[in-house]
Structure formats: structure tokens, C-alpha cells
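These notes concern the structure reproduced below.
Each value in this text was obtained by applying a stated rule to the coordinates, not by laboratory testing. No experiment lies behind these values; they were computed from the predicted model shown. Because the Cβ atoms are built from the backbone with ideal geometry, glycine has one as well, and the counts that use them run over all protein chains shown.
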Number of protein chains: 2
Amino acid sequence: MGTLRSLRCISCGTEYDPAKLDYTCPACGPRRGTLEVLYDEATLRHTVTRDSFAATGRASMWRYEALLPIDDVRHVQPLRVGWTPLYAFPTLADEFGLAGLYVKDDGQNPTASYKDRASSLVVIKAQEKRRPIVTCASTGNAASSLAGFSAAAGLQAVIFVPQRAPEAKVAQLLVYGAKVFSVRGSYDDAYDLAAEAADAFGWYNRSAAMNPYLVEGKKTGAFELAEQLNWQPPDVVFVGVGDGSVVSGLCKGFEEFARLGLIERIPRVIGVQAEGSSPIASAFSAFHGGRVEYDDVDAHSVADSICVGKPRDVVKAVTYVARNGGSFVTVKDDEILDAILALARSTGVFAEPAGAASYAGLRKMARTATLEGKTAAVVVTGSGLKDVASARQRVGAPIVIDPTIKEIERHL
Amino acid sequence: MGTLRSLRCISCGTEYDPAKLDYTCPACGPRRGTLEVLYDEATLRHTVTRDSFAATGRASMWRYEALLPIDDVRHVQPLRVGWTPLYAFPTLADEFGLAGLYVKDDGQNPTASYKDRASSLVVIKAQEKRRPIVTCASTGNAASSLAGFSAAAGLQAVIFVPQRAPEAKVAQLLVYGAKVFSVRGSYDDAYDLAAEAADAFGWYNRSAAMNPYLVEGKKTGAFELAEQLNWQPPDVVFVGVGDGSVVSGLCKGFEEFARLGLIERIPRVIGVQAEGSSPIASAFSAFHGGRVEYDDVDAHSVADSICVGKPRDVVKAVTYVARNGGSFVTVKDDEILDAILALARSTGVFAEPAGAASYAGLRKMARTATLEGKTAAVVVTGSGLKDVASARQRVGAPIVIDPTIKEIERHL
């Protein structure tokens with residue numbers, strides 16, 4: 001891909017040569033200095049059309065190779081990542097007073113989460129950079145995703161998880177052959193340790209917001225929302241927010257498609273945070289242009305994948321969402337658990353708590369001016385099978401009976 | 001679909017009007033009398049071509065609507081079932097002395113198992129037959145699949161599980177809003193009660209091998225193996241076997257495609273059973289044409305989805321596999337658990353034990369005359385996230401550390 005141009009600091013705007021910088025702006029530091037990946041869009045405007053993606057014949061995010069920063073498509077693993085189903089639920093839309101309601105099920109990715117979009121790309125960057133060991137800190141999904149794609153690519157993954165990571169996610173890492181360190185401490189402790197270890201040992205770091213290419217993988221969800229709706233993206237897109245990278249990716253994807261003339265309108269993106277873990281929502285409320293200010297919090301939420309007190313992509317998330325007229329909304333843990341059941345029972349899509357947070361946000365904002373008569377999409381970022389224990393809190397018990405028809409009749 | 005012709009008893013050959021019989025041949029009884037769904041193939045030969053499936057524009061099993069027994073495609077749920085990825089692993093093929101090795105990942109279905117192919121179809125039959133309540137006995141994939149598709153279709157699912165059913169699997173059913181009866185007794189007690197209740201209350205029964213349309217959904221995996229390999233299906237196809245319906249579906253799919261002139265050669269299908277649960281393999285060994293004889297066993301295996309001592313589709317499974325020159329192979333539980341890790345680490349595909357049984361079978365038969373120089377496909381029938389506990393038995397625990405570089409160094 002010859003159109004990758006530079007990496008630009010989201011805060012100071014300095015542009016860097018991608019061959020010379022791996023992670024964040026040295027001047028602005030790790031959180032303020034997250035980098036944006038820029039392309040030669042003047043060239044792209046001549047080469048990319050609405051038809052060019054389908055013409056690749058790829059039913060995966062790699063249909064967007066022309067807009068992704070890789071040198072050699074031969075490094076792409078066969079695993080089908082992206083091009084996840086987008087479901088329309090017109091009856092449900094009616095109930096919410098919406099003109100249309102779509103659910104994008106990113107639980108249908110190789111390791112069952114949205115994070116596969118980023119991992120599949122980062123593993124390729126590691127190969128291009130000749131870094132045989134990749135690392136990351138993660139509450140779960142990013143880690144299992146990196147472990148899976150590393151296994152497929154023949155790379156070694158070293159993963160740092162906080163001790164509270166759900167069992168299913170940790171087991172997944174070990175099955176994929178990753179070396180897994182369970183860190184006594186929080187996600188933030190694990191995050192700092194992964195960065196330190198990457199420096200010390202020369203490992204390639206995939207931790208959230210550290211690596212500029214993550215958002216590039218994540219932007220493909222926006223590309224798909226546009227292409228799957230025949231280039232008429234929804235008015236509003238809901239997505240759960242933890243570190244802020246997925247929401248940033250969606251926003252950047254829509255912006256790029258608009259600048260390339262592929263869509264005429266950029267959706268408002270609504271970031272949904274858990275009440276007990278909402279530092280980006282707070283930063284957004286305080287933001288009125290200029291410098292993004294933020295405070296870290298002591299986060300707690302049932303939605304482990306978005307339970308982040310020290311969000312790493314807060315600057316991008318606030319900046320991008322403000323630019324498309326979107327906003328942030330917070331939901332209670334109870335509302336998230338309710339949303340898991342409501343979504344599963346009305347659509348058949350079983351989401352993990354963080355994946356259902358988007359739907360909780362939509363339910364909360366239904367019948368407001370932002371939504372009335374609009375089309376809305378909800379991004380489900382992970383499968384419910386990733387965290388059955390949380391869903392279990394909300395369902396009752398089965399009815400215990402002797403094997404007789406009479407017993408059944410008694411309970412009908 | 002106007003080409004559905006009749007339901008024919010696999011044992012006595014009597015044909016029945018599909019409008020007049022729901023389940024099994026009254027003369028031969030529930031197990032010997034499982035029914036085959038027959039079509040007007042003379043008509044189909046004129047209407048169905050290799051191109052006609054892609055021309056539907058559907059990237060799901062519903063691209064094969066012309067060969068499926070439904071009346072009205074409007075009942076099809078939006079959930080993307082089937083058209084699961086088929087991955088090629090040429091390097092791995094070399095290691096096994098194969099000309100080609102393909103992995104079909106049916107964990108990438110809406111409820112993460114192959115069973116979705118059957119449930120999505122049976123839910124439509126229930127709607128056509130105006131049966132608003134569907135039922136089945138099962139503790140695992142069939143139940144969660146039926147619960148998920150019933151939720152999507154707005155039907156009520158009533159599920160019967162034996163009391164020892166794992167709490168987490170039961171929770172998944174409850175999330176989807178199924179009514180769950182925990183039966184004091186065995187799986188067989190639950191199975192019989194479901195059948196009795198279906199009769200008593202007019203519910204539509206999806207229990208294994210009871211419903212003739214299950215195999216119709218399951219045959220679409222074979223259709224995809226042919227179409228995704230450009231109408232040159234593999235020489236050999238491996239699949240795990242419990243009740244015998246999935247393996248029967250694959251065989252029937254290849255046979256139908258061959259009779260319609262869409263493929264020139266029918267693959268040998270190899271059914272893989274766990275050593276502690278191999279009544280169909282035993283029946284196959286004893287089979288030399290004529291009547292299929294079988295003995296039930298007291299089954300035990302780590303691969304719960306294929307742990308079936310009283311297989312309900314044994315007659316079809318033995319008959320069909322014999323017809324295509326296939327065979328059965330048994331594998332130890334240890335080999336199944338090893339296969340989970342081997343598959344995940346070399347391909348990135350994380351399978352549940354029953355899903356990895358197919359790969360265990362291939363590993364066992366590698367370098368035999370059946371496989372040497374051949375192309376082989378392995379069907380992964382369920383996601384590893386369905387049964388994390390089993391995989392965990394083989395992988396140990398993460399390394400618990402304090403967040404310091406020194407601690408990492410100690411463990412490298």
C-alpha cells in the first residue's frame with residue numbers, strides 16, 4: 001500500500017515518518033500524543049470508488065486494503081475478520097420510534113470480538129517490522145484477539161491481564177499458546193507493565209491507543225456500516241467506550257469515506273460508557289473546543305471490556321465525536337444487564353456486557369430528539385459467550401420437575 | 001419452494017406426504033424410522049445451476065433456498081447462518097502429507113455452532129405449520145441454537161434438560177427467554193418427555209433425529225464445501241459424530257449436489273467419535289449392507305456435544321457413510337483435547353471438544369492410505385467459547401506476578 005503518508009500527533013499536529021516512530025508523539029507523551037495515520041488522499045480519490053471494495057472479492061475487512069496501512073497483502077491471515085453481519089430489525093425500530101434499527105454483530109469475528117479488526121492488522125505490522133514477539137495489556141478481548149492472530153501468523157504473543165479478567169477470556173489466551181502474565185493490580189498496572197516490557201525486550205506493543213494502527217483496523221467497522229447500507233450510513237451509531245479506540249476508529253472511518261466522496265453525510269457517533277467507568281463522557285461534557293481535559297477515575301462496571309478508569313484514547317475520542325456532532329451517554333450496570341436480555345430476546349444476538357452497552361445507550365436515548373425518526377445502528381463489540389457469568393445474574397433458574405406431563409401442566 | 005416431494009422412511013422406504021406427517025415413520029418407530037426429505041429433482045435439474053446460488057446474493061445457507069424445504073423465504077430470520085469461512089492451510093497440509101487441508105469454522109454461526117443450520121430451518125417450519133411453541137430436549141448446542149432462533153422469530157421455546165445440565169449452558173437458554181424445564185432424570189428421560197409434551201400440547205419438536213428437516217439444514221455445510229472450493233470438494237471430509245445427524249446431513253448434501261450434476265465426485269466422509277461414546281462407529285464396523293444393527297452404550301467423553309450413548313440418527317449415518325466409501329474412526333479424550341490446542345495454535349481457530357474431534361480424527365489418520373496425497377477438510381462444529389472448562393484442563397494457569405520488569409524476567 002503506497003499511500004500511507006505520515007503519523008500525526010492528535011494534540012500538537014506534528015507529522016512523523018511511519019518508518020521512524022512506532023507508538024506515540026515523543027513531545028506530547030503517551031496519552032496526549034496518540035497518533036493519527038494519514039494517507040495520500042489526493043491519490044486515493046482517483047483510485048478508490050464505491051465499487052472497488054466489492055471488486056476485491058474479499059468478504060472481510062481486507063476488502064478495504066487500499067485504505068489500510070500495510071505493505072504486503074500476502075501477510076494477511078486467512079481468518080475471516082470483519083465484514084460482520086449487519087441486521088435490520090424494522091419492528092424493533094418502530095417500537096423505538098426510529099426510522100430504522102440495525103445491529104452490527106462483531107461477536108461474529110474469529111475470536112468473537114471487534115478487537116480482531118485491530119489485531120489482524122497489528123500482527124501484519126509486526127511482521128513487516130520483523131518483530132517476532134508481540135505484547136499487549138488487555139482486560140480480555142484485545143488479548144485473546146492478539147493471541148489468536150499471533151498463533152495464525154506464527155508469532156509469539158506475551159499478554160498481561162489484570163487478575164479480574166473473566167475466565168473464558170484467559171483460557172482463550174492460553175489455548176492459543178500465548179504466554180500470559182496475570183498482574184496483581186488493575187488494568188492500568190498491566191498496561192504500564194506491558195509498555196515497559198515492550199521497551200525493555202523489543203516486543204511490538206498492541207496495547208490500546210499505544211499503537212497507531214489499531215484505530216486503522218477499527219475504522220473498517222464504519223466502512224462496513226456505510227457499504228452494507230448501500231452508502232447511506234445510519235444517522236446515529238451507538239458503541240460502547242472504554243479506552244476510546246473503537247469509537248475513534250468508527251469516527252475516523254466515516255470521516256475518511258466522506259473526504260473520499262464515498263458517503264455524503266457523517267453519522268453522529270454516540271459513545272456509551274458505564275456509569276462507574278465514564279471518564280471520557282465526563283471529559284466530553286467539559287469539552288468546548290481547544291484542549292481536551294480529562295480526569296482519571298477508579299472504574300468499576302460489570303462490563304469488563306469497557307471498565308477503564310484511565311482511558312488511553314480519550315483525546316481522539318472526544319475530538320472526533322465532537323466533530324461529527326455526536327455525544328456520550330452513561331448507563332447503569334443494571335441497564336447493561338437488562339440490555340443483554342432485551343437484545344438477545346428480540347434479535348437473537350447474545351452480547352457480552354460491553355457489547356450490549358451500545359444497546360443500553362439506545363434504549364436510554366429512545367424518544368429523544370436525537371433519535372426520533374432517525375436511523376440508528378448499534379455495534380455489538382463482543383459475543384455473550386465471552387462472559388456468561390454476567391448474563392447469568394439476570395436470569396432466573398429453570399423449573400425443576402419430575403418427568404411427567406402433569407408436572408409440565410402445573411407450570412404452564 | 002415447490003419442489004418438496006415426500007418424506008421417505010430410511011428403513012422401510014415408505015413415502016409420506018409432508019403435510020401429513022411431522023416426525024418419524026409410524027411403522028418403523030422413532031429410531032429406525034427417521035425420514036429422508038425428497039425433492040422433485042427432475043425439475044431442480046432444470047432450474048438449479050452452479051451460478052444460481054451466488055445469484056441469490058445471500059452470504060448464508062439461504063443461498064441454497066432452492067434445495068431447502070421451505071415455502072416462504074420471508075420467514076427467514078436476518079441472522080447470518082451458514083456460509084461460514086472455509087480456510088486453506090497449505091503449510092499444515094504439507095506437514096500431514098496432504099495435497100490440501102481446509103478447516104470449515106462453523107463456530108462462526110449466530111449461536112456459535114453447526115446446529116444453527118438446523119434450528120434456523122426448523123423455526124421456519126414451525127411458522128409454516130402455525131406452531132408458535134417449539135421444543136427440544138438437549139443440554140447443549142441444539143438447545144441454545146433453538147432458543148436463539150426462536151427468540152429471533154418471536155416463537156416460544158420450551159427446553160427440557162436433564163437435572164445435571166451445566167448451569168452456564170442453562171443460563172444461555174434463559175438469556176434467550178426460553179422456558180427451561182430441568183427434568184429429574186437422564187437425558188433420555190428429558191428426550192422422551194419432550195416428545196410426549198410435543199404430542200400433548202401441539203408443540204413442534206426439534207429433538208435430535210425426530211424432526212426430518214434438521215438434516216436438511218445440516219446438508220448445507222456440504223453444499224458450501226463444494227461451492228467454496230469452486231465445485232471441487234475435498235477427497236475426504238472429517239466431522240465429529242454424536243447422534244449422527246450432522247454427518248448424515250453432510251453426506252446427503254454431497255449426494256444431492258452430485259445427482260444434480262453440480263459436482264462430479266462425492267467425498268468420503270469420515271465420522272469421528274470419542275472412544276467412550278462410539279456406538280455408531282461400532283454399528284458401522286458391523287455393517288455389511290442390509291439392515292443396520294446397533295447397540296446403545298453408557299457414553300462418557302469430554303466432548304459433551306458428541307457424548308451420545310443412544311444415537312437417534314444411527315441408521316442414516318451408517319447407511320450414508322457406507323455409500324460414499326467413508327468410514328468411522330474413534331479418538332481418545334486426550335487426543336481431542338490435544339487437537340483443540342494443536343488446531344488453535346496452528347490456525348487460530350478455537351474449537352469446542354466436539355468441534356476439534358474432527359481434527360483429532362485427521363491427525364490420527366494422517367499418513368494412511370486414506371489420506372496420503374489427498375485433499376481433506378475438517379468441520380469445526382462449535383466454538384471453543386462454548387466449553388472453556390475442557391480446554392482449560394490442558395493449558396494450565398497464567399503466571400501471576402507483581403507489576404515489575406524483574407518479575408517478568410524471572411519467568412522468561
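Of note:
- Residue check, B:Ile408 within 7 Å of another protein chain (Cβ to nearest Cβ) and farther than 22 Å from B:Val237 by Cα: yes
- With respect to the conditions (1) in a loop (DSSP other than H, G, I, E, B); (2) more than 24 Å from A:Ala171 (Cα to Cα), A:Ala55 falls short on a single one, namely (1).
- In the set (1) more than 7 Å from chain A (Cβ to nearest Cβ); (2) touching a strand residue (DSSP E or B) at 6+ places or on another chain (Cβ under 8 Å); (3) among the β-branched types (Val, Ile, Thr), the condition left unmet by B:Val318 is number (2).
- Of the residues making up the range B:379-394, those that are at the interface with chain A (Cβ under 7 Å from one of its Cβ atoms), closer than 19 Å to B:Ser301 by Cβ and aliphatic (A, V, I, L, M) are B:Val388, B:Ala391.
- Taken together, the residues in the range A:116-154 that are outside any helix (DSSP H, G or I) and within 11 Å of another protein chain (Cβ to nearest Cβ) amount to 4.
- Residue count for the range B:175-228, restricted to those that are more than 8 Å from every other protein chain (Cβ to nearest Cβ) and on the phi > 0 side of the Ramachandran plot: 2
- Identification of helices (runs of 4 or more DSSP H) wholly contained in the range A:347-412 with 1 or more residues that are of a type in the set (Gly, Ala, Ser) and surrounded by fewer than 24 Cβ atoms within 10 Å (Cβ to Cβ) yields A:388-392.
- Matching residues, the range A:58-69, being in a loop (DSSP other than H, G, I, E, B) and surrounded by fewer than 20 Cβ atoms within 10 Å (Cβ to Cβ): A:Arg58, A:Ala59
- Residue, nearest to the chain's Cα centre (by Cα), within the range B:160-172, restricted to residues that are more than 15 Å from B:Ala389 (Cβ to Cβ) and at the interface with chain A (Cβ under 8 Å from one of its Cβ atoms): B:Val161
- Residue selected from the range A:93-115 under the condition more than 10 Å from chain B (Cβ to nearest Cβ), crowded, with 24+ Cβ neighbours inside 10 Å and of a type in the set (D, E, K, R), by the criterion farthest from A:Val237 (Cα to Cα): A:Lys115
- Of the residues making up the range A:84-117, those that are among the acidic types (Asp, Glu) and within 20 Å of A:Ser305 (Cα to Cα) are A:Asp105, A:Asp106, A:Asp116.
- When A:Ala19 is tested against (1) small (Gly, Ala, Ser); (2) in a loop (DSSP other than H, G, I, E, B); (3) in contact with a Leu (Cβ under 9 Å, 6 or more places away or on another chain), exactly one condition is not met: (3).
- If only residues of the range A:202-226 that are of a type in the set (Phe, Trp, Tyr) and touching a Leu at 6+ places or on another chain (Cβ under 8 Å) are counted, the one that is nearest to A:Tyr87 (Cα to Cα) is A:Phe223.
- The lone exception for A:Val215 - which of (1) buried (at least 24 other Cβ atoms within 10 Å of the Cβ); (2) out of contact with any Gly (no Cβ under 8 Å at 6 or more places or on another chain) it fails: (2)
- If only residues of the range B:273-304 that are touching a strand residue (DSSP E or B) at 6+ places or on another chain (Cβ under 7 Å) and assigned to a strand (DSSP E or B) are counted, the one that is farthest from B:Lys316 (Cα to Cα) is B:Ala274.
- Extreme residue, surrounded by the fewest Cβ atoms within 10 Å (Cβ to Cβ), among residues of the range A:313-337 that are in a helix (DSSP H, G or I), of a type outside the set (A, V, I, L, M) and touching a residue at least 24 places away in the same chain (Cβ under 8 Å): A:Arg323
- Looking only at the range B:239-272, residues that are in contact (Cβ under 8 Å) with a residue 60 or more places away in the chain, aliphatic (A, V, I, L, M) and not in a loop (DSSP other than H, G, I, E, B) come to 6 in all.
- Test: residue in the range B:75-92 that is of a type in the set (A, V, I, L, M, F, W, C) and either away from chain A (no Cβ under 14 Å) or farther than 23 Å from B:Gly382 by Cβ (or both): no
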